Amino acid sequence: MKLNAIEAGPDAPNGVPLLILHGLLGSARNWGAVVKALGETRRVLALDMPNHGSSPWSEVMDYPFMAREVAAVIEHLGGRAAVMGHSMGGKAAMTLALSRPEMVERLVVVDIAPVTYNHTFAPFVKAMRAAPLAEATSRGEIEAALARTVLDKGVRAFLMQNLEGGAGGYRWRPNLAVLNAHMTDIMEFPDFPEGTRYDGPALFVAGETSEYVRPAYQDAITRLFPRAETVTIPGAGHWVHADNPAAFMAAIGPFL
């Protein structure tokens, strides 16, 4: 499988490349502004994860699989890269760092922890699958259908970024059936043998109003990533890079 990417700074000579991995129901395009900014000084690639964006679909969707697909990209780039992942992408990045530490020069994990979460995105996937794509004559009709169950306007806008097409026909870019079938895998974090850890530099970036990185998760972070630093971005929720882009870039820039 070859993952789709958007790229900046392909000729930059500075250091190893940086890979950016988006979250569940996101895409590389969500990170376009970050790619452009960081690409001024280094090579940066934001990947469409499997079953998302323009990347191929697969019946498999767990973190070992995602990590292997990202590893294949890094091998193509020379065998070593800095990796930054948000939410689902953060768990994939952590899985890669723990299973192939020699590949990860440094790690940035955005608003997620190496733990299993009890919540689920399944209602959002269900709402997207129920939207009347075949009958709709405008994007507004589809968003109105989502609004019946997805009450948060910001979340609806995020989901609508996955819609493509026009009055001649609409489709969702992600493989919603497989994402729904593997939602438990996505909400979990893999078990690693006792003593497994990533000893490289790691930065965990949390949103101030998000509950994805709680103090109770710090022991799990430190056990697996003993060099981890944590920074909290003021006024930001789960989509940290979009909620406070200036503070986000100020936090990750020096580390990278």
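The values are calculated or read from the model by the stated rules, or taken from the named source; none is laboratory data. Everything quoted here is computed from the prediction, not taken from an experiment. Heads up, the Cβs are rebuilt from the backbone with ideal geometry, glycines too, and the neighbour counts pull from every protein chain shown. Just so you know, the surface numbers come from the protein's heavy atoms only, side chains and all, with ligands and any DNA or RNA stripped out. Shrake-Rupley method; radii C 1.70, N 1.55, O 1.52, S 1.80 Å.
When you scan region 142-161, do you find a residue that is over 15 Å from MET88 (Cβ atoms), part of a helix (DSSP H, G or I) and among the acidic types (Asp, Glu), even just one? Yes, that holds for at least one residue. Scanning region 222-256 for residues that are closer than 26 Å to ASP152 by Cβ, among the small types (Gly, Ala, Ser) and part of a helix (DSSP H, G or I) returns ALA242, ALA246, ALA247, ALA251. For region 129-143, the criterion of being under 21 Å from the mean Cα position of the chain (by Cα) and crowded, with 21+ Cβ neighbours inside 10 Å is satisfied by no residue at all. ILE74 passes all but one of (1) surrounded by 24 or more Cβ atoms within 10 Å (Cβ to Cβ); (2) outside any loop (DSSP other than H, G, I, E, B); (3) in contact with a Leu (Cβ under 8 Å, 6 or more places away or on another chain); (4) not charged (D, E, K, R); which number fails? Against the list (1) surrounded by 24 or more Cβ atoms within 10 Å (Cβ to Cβ); (2) outside any loop (DSSP other than H, G, I, E, B); (3) in contact with a Leu (Cβ under 8 Å, 6 or more places away or on another chain); (4) not charged (D, E, K, R), ILE74 comes up short only on (1). Can you spot a residue in region 46-64 that is among the β-branched types (Val, Ile, Thr) and buried (at least 18 other Cβ atoms within 10 Å of the Cβ)? No, every residue in region 46-64 fails to be among the β-branched types (Val, Ile, Thr) and buried (at least 18 other Cβ atoms within 10 Å of the Cβ).
If you go through region 27-47 and pick out every residue that is touching a His at 6+ places or on another chain (Cβ under 9 Å) and part of a helix (DSSP H, G or I), you end up with 6. Kindly indicate whether PRO50 is modelled with pLDDT of 95 or more and part of a helix (DSSP H, G or I). No, not satisfied. Any chance region 118-136 includes a residue that's under 22 Å from THR196 (Cβ atoms) and in contact with a helix residue (DSSP H, G or I) (Cβ under 9 Å, 6 or more places away or on another chain)? There is no residue in region 118-136 that is under 22 Å from THR196 (Cβ atoms) and in contact with a helix residue (DSSP H, G or I) (Cβ under 9 Å, 6 or more places away or on another chain). Scanning region 144-174 for residues that are farther than 28 Å from GLU59 by Cβ and open to solvent by 70 Å² or more (accessible area, probe 1.4 Å), we see that the one that is modelled with the lowest pLDDT is ALA167.
Looking across region 88-113, the residues that are in contact (Cβ under 8 Å) with a residue 40 or more places away in the chain, open to solvent by 10 Å² or more (accessible area, probe 1.4 Å) and touching a Lys or Arg at 6+ places or on another chain (Cβ under 8 Å) come down to LEU98, GLU105. Looking across region 77-96, the residues that are part of a helix (DSSP H, G or I) and under 16 Å from the mean Cα position of the chain (by Cα) come down to MET88, GLY89, GLY90, LYS91, ALA92, ALA93, MET94, THR95, LEU96.
Summed over region 190-221, residues that are in a loop (DSSP other than H, G, I, E, B) and either open to solvent by 60 Å² or more (accessible area, probe 1.4 Å) or out of contact with any Lys or Arg (no Cβ under 6 Å at 6 or more places or on another chain) (or both) total 17. Total residues in region 175-188 satisfying the condition of being in a loop (DSSP other than H, G, I, E, B) and either within 16 Å of PRO132 (Cα to Cα) or open to solvent by 20 Å² or more (accessible area, probe 1.4 Å) (or both): the figure is 2.
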